[in-house]
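**Student:** Input: one structure, supplied below.
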Amino acid sequence: GETLAVIDSVKADFTIKSDGEVISDVKNANVGTYTITPSGYTSTNYAITFVDGTLTITKATPTFTITQTTINLIYNNGTTTNYIYNGDGDVTASNYDSQIVSVDINNSGKIITLKAQKVGSTTITFTAAEGTNFKAATATLTVVVSKATVTITKLDPVEKTYDGTTTAEPVQDTHYKV
């Protein structure tokens, strides 16, 4: 008989097919089920029977993170942040208070634009949709909107002689700077 070393050295060629089409780059093949067809080896000592096999590629879990977990904004101001995502589905925002912050997502640039609408706090759930080769994924971002500071400065003096009322006339045109 043959030794295990001789039997282990038997190698065969194989092709992988999807719907009859040969897949030449298995590493970059999409999710699916493929037929593996061995062929090409002959032996003077063995009657070789080639049996087709199956290669099943399943969806991967993507990397999906927002570069910041909390953003502090001042009312009526905005900012941008990025996200890291290696999947193939679009990212959307949900489950947040749109009266506190508006959200715009640029999927091609992986940029999130936030605009403070009202004082408060809200947590945004970002969902990367399931795509051709990747599962869905989620990430969250908390946005805290604080009050804006307003300074009012009186520029012109006001004079008033007591008359029992609460109104006064400016000495000249009065201008306020906000």
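**Student:** Just add up the charged neighbours of Ala93: K/R +1, D/E -1, any other residue whose Cβ is under 13 Å from the Cβ of Ala93. Show your work: numbers first, answer last.
**Tutor:** Working: positive: Lys115; negative: Asp90, Asp97, Asp104.
So the environment of Ala93 carries a net charge of -2.
**Student:** Taking a quarter of the surface of the Cα convex hull of segment 19-125, what do you get in nm²? Could you put the intermediate results ahead of the total?
**Tutor:** Values: hull surface 41.4 nm².
So the mean shadow area of the Cα hull is 10.3 nm².
**Student:** Sticking with this structure for a sec: Counting only other residues whose beta carbon sits under 15 Å from that of Thr138, what net charge do I get with K and R as +1, D and E as -1?
**Tutor:** Numbers: positive: Lys135; negative: Asp90, Glu130.
Around Thr138, the charge tally is -1.
**Student:** OK, next. Lys59 versus Lys110, label points 7 Å from Cα toward the beta carbon: distance in nm?
**Tutor:** Between Lys59 and Lys110, the label points sit 2.0 nm apart.
**Student:** If you don't mind, there's one more thing I want to ask. Over the heavy atoms of Thr167, what accessible area does a 1.4 Å probe trace out, to the nearest 10 Å²?
**Tutor:** It works out to around 90 Å².
**Student:** Hey, can you grab everything whose amide H is under 5 Å from the amide H of Ile71? Only 5+ residues off in sequence or another chain; H modelled, so Pro and N-termini drop out.
**Tutor:** Correct list: Thr142, Val143, Val144.
**Student:** Moving on to the next point. How much accessible surface area, in Å² rounded to 10, belongs to the heavy atoms of Tyr46 with a 1.4 Å probe?
**Tutor:** About 90 Å², rounded to the nearest 10.
**Student:** Run the numbers for Thr125 and Val144: contour at 0.36 nm per residue of separation, minus the present Cα-Cα distance, in nm.
**Tutor:** On the way: separation 19, 0.36 × 19 = 6.84 nm, distance 1.46 nm.
Answer, rounded to one decimal: 5.4 nm.
**Student:** Let me ask something else about it. So, with a 1.4 angstrom probe, what is the percent of accessible area on segment 69-167 that is carbon and sulfur? Present the calculation step by step, with values, prior to reporting the outcome.
**Tutor:** On the way: 2900 of 6030 Å².
Reported share for carbon and sulfur atoms: 48 percent.
**Student:** Whole-Hz ³J(HN,Hα) for each residue in segment 77-91, computed from phi via Karplus 6.51 cos²θ - 1.76 cosθ + 1.60 with θ = phi - 60°, x for glycine and proline: what do you get?
**Tutor:** Each residue's phi maps through the Karplus curve to give 10, x, 7, 10, 9, 10, 9, 10, 7, 10, x, 10, x, 6, 9 Hz.
**Student:** So how much slack lies between Ile48 and Thr80, counting 0.36 nm per residue of separation and subtracting their Cα-Cα distance, in nm?
**Tutor:** On the way: separation 32, 0.36 × 32 = 11.52 nm, distance 6.30 nm.
Full extension of this stretch gives 5.2 nm more.
The values are calculated or read from the model by the stated rules, or taken from the named source; none is laboratory data. Source: prediction; values computed, not measured. Using ideal geometry, Cβ is built from the backbone for each residue, glycine included, and neighbour counts are taken over all protein chains shown. Note: accessible area is taken over every heavy atom of the protein model, side chains too, but ligands, DNA and RNA are not part of it. Shrake-Rupley method; radii C 1.70, N 1.55, O 1.52, S 1.80 Å.
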